[in-house]
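Chemist: Here you go, one structure.
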Amino acid sequence: MITRRLFSAAVLAAGLMVGVTLPVGQAHAETAIKFTLDWKFEGPAAGFLLALDKGYFAAEGLDVTIDSGNGSVEAIPRVATGAYQMGFGDINSVIKFLDEDPSQKVKAVMMVYDKPVFSVVGRKSLGVTEDPKSLEGKKLGAPPPDGAFAQWPAFKQAAGIDDSGITIESIGFPVREPMLAKGDVDAVFGFAFSVILNLKAQGIADDDIATILMADNGLNLYGNSVLVNSDFATENPEAVKGFLKALAKGFADAVANPEEGVAAVLKRNETLNADIEKERLEMANAMNIKTPYVVENGMGSVDMARLSASIETLKVSMGLKGNVAAEQVFDGSFLPAKEERMLP
């Protein structure tokens, strides 16, 4: 005869083997999320790190791990394969990725860089100016996984650049700025706030740096967004919602208190210069994150008409087959309410 105590023990053991159903308020109480950044631990990552360090993820019942990345394109297959449940990557490269194979398990759920940071940065002493046509006849350094380089076909068409005399040299991220500083290349592709400040760290003066922002020269696209593995989102919708709610708080803190954000970054990389990372974070906030659209509508959402128009641009310039629509790329249903996404 089974006593109540033995019966309770048996039920508990069974629960441990098959998984215990938690109360409704704790439906994702111990949900683990591995998150991949697009790049190293630098100033612009502050919002993600503050959400972790200040317990915002934990308050949503999430066990979040944040890893550095190796380019805003490489983050996409990491999420699509399920190696990471969520990540941070270039939405335009997601469009290309899904256009090639619509069955891939990845979609964007929160826009972070409302204005993309794609740029070509050169040196005036090497003949490069803020005019895109100054790139004609030059040698450009391009890291293959870089999101800015991924937009070169679109940008050269939008800006009317004749690339017949341009040489593209494939280079790694670690040597990108050193090669430009030495004059081995005339300009490089990259995110503006990264390349500019890394060049300054190499001893290049402000007045020798020429920055060509693609968004200011005909390329009206979105930038990096939070990505999620589609299967994970289907199985754990409350976890995704909680993640984005926590992240909105982290980014608001990074805008309100950049010093606090930089401190979170330096915890992961003590070799960084606090002043440089603060400047990098403030550049990202001003140029890419807290745009006029975000001030009015809150961080994270997109204008679906604008996203659809960007897909049309990419059809022409990147050879898309037309296999994907805006609704397949971005899903805003996991976002918190607008008032929870406003930046200070």
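The values are calculated or read from the model by the stated rules, or taken from the named source; none is laboratory data. Only a predicted model underlies this, so the values are computations on that prediction, with no experimental measurement involved. Cβ coordinates were reconstructed from backbone atoms using ideal geometry, including for glycine residues, and neighbour counts include every protein chain displayed.
Chemist: Can you name the residue in region 324-335 that is touching a strand residue (DSSP E or B) at 6+ places or on another chain (Cβ under 8 Å) and in a loop (DSSP other than H, G, I, E, B) and is also farthest from Gly242 (Cα to Cα) among such residues?
Modeler: Checking each candidate, the answer is Asp331.
Chemist: Scan region 300-323 residue by residue and report those that are under 16 Å from Ala154 (Cβ atoms) and either touching a strand residue (DSSP E or B) at 6+ places or on another chain (Cβ under 6 Å) or not small (Gly, Ala, Ser) (or both). Walk me through how you get there before you give the answer.
Modeler: Of all residues in region 300-323, those under 16 Å from Ala154 (Cβ atoms) come to 306-322.
Hits for region 300-323 are Arg306, Leu307, Ile311, Glu312, Thr313, Leu314, Lys315, Val316, Met318, Leu320, Lys321.
Residue-by-condition table, conditions (1) small (Gly, Ala, Ser); (2) modelled with pLDDT of 95 or more:
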site: Gln151; (1), (2): no, no
site: Ala154; (1), (2): yes, no
site: Arg176; (1), (2): no, yes
site: Leu180; (1), (2): no, yes
site: Ala187; (1), (2): yes, yes
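Chemist: If you don't mind, there's one more thing I want to ask. Please specify each residue of region 126-147 satisfying the condition of being touching a helix residue (DSSP H, G or I) at 6+ places or on another chain (Cβ under 7 Å) and either among the charged types (D, E, K, R) or modelled with pLDDT of 95 or more (or both).
Modeler: Gly127, Val128, Gly141, Ala142
Chemist: Turning to a different aspect of this structure: Filter region 92-120 down to residues that are modelled with pLDDT of 95 or more and among the β-branched types (Val, Ile, Thr) and give me whichever is nearest to Phe334 (Cα to Cα).
Modeler: Val109
Chemist: Here's a follow-up. Of the residues that make up region 259-274, is at least one part of a loop (DSSP other than H, G, I, E, B), touching a strand residue (DSSP E or B) at 6+ places or on another chain (Cβ under 9 Å) and surrounded by fewer than 22 Cβ atoms within 10 Å (Cβ to Cβ)?
Modeler: For region 259-274, residues part of a loop (DSSP other than H, G, I, E, B), touching a strand residue (DSSP E or B) at 6+ places or on another chain (Cβ under 9 Å) and surrounded by fewer than 22 Cβ atoms within 10 Å (Cβ to Cβ): absent.
Chemist: When you scan region 231-273, how many residues do you find that are at pLDDT below 95 and touching a Leu at 6+ places or on another chain (Cβ under 7 Å)?
Modeler: Residues flagged as at pLDDT below 95 and touching a Leu at 6+ places or on another chain (Cβ under 7 Å) within region 231-273 amount to 1.
Chemist: Only one residue in Lys290, Lys315, Lys321, Lys338 is over 24 Å from Ala148 (Cα atoms) and either at pLDDT 95 or above or of a type in the set (Lys, Arg) (or both), so which one is that?
Modeler: Lys338
Chemist: Further, regarding this structure: Just for region 1-60: of the residues that are hydroxyl-bearing (Ser, Thr, Tyr) and at pLDDT 95 or above, which one is surrounded by the most Cβ atoms within 10 Å (Cβ to Cβ)?
Modeler: This residue is Thr36.
Chemist: If you go through region 196-209 one residue at a time, do you hit one that is surrounded by 24 or more Cβ atoms within 10 Å (Cβ to Cβ) and in a helix (DSSP H, G or I)?
Modeler: yes
Chemist: Which numbered condition trips up Leu126, out of (1) in contact with an Asp or Glu (Cβ under 7 Å, 6 or more places away or on another chain); (2) of a type in the set (A, V, I, L, M, F, W, C); (3) assigned by TED's automatic domain parsing to the domain that holds Thr313?
Modeler: (3)
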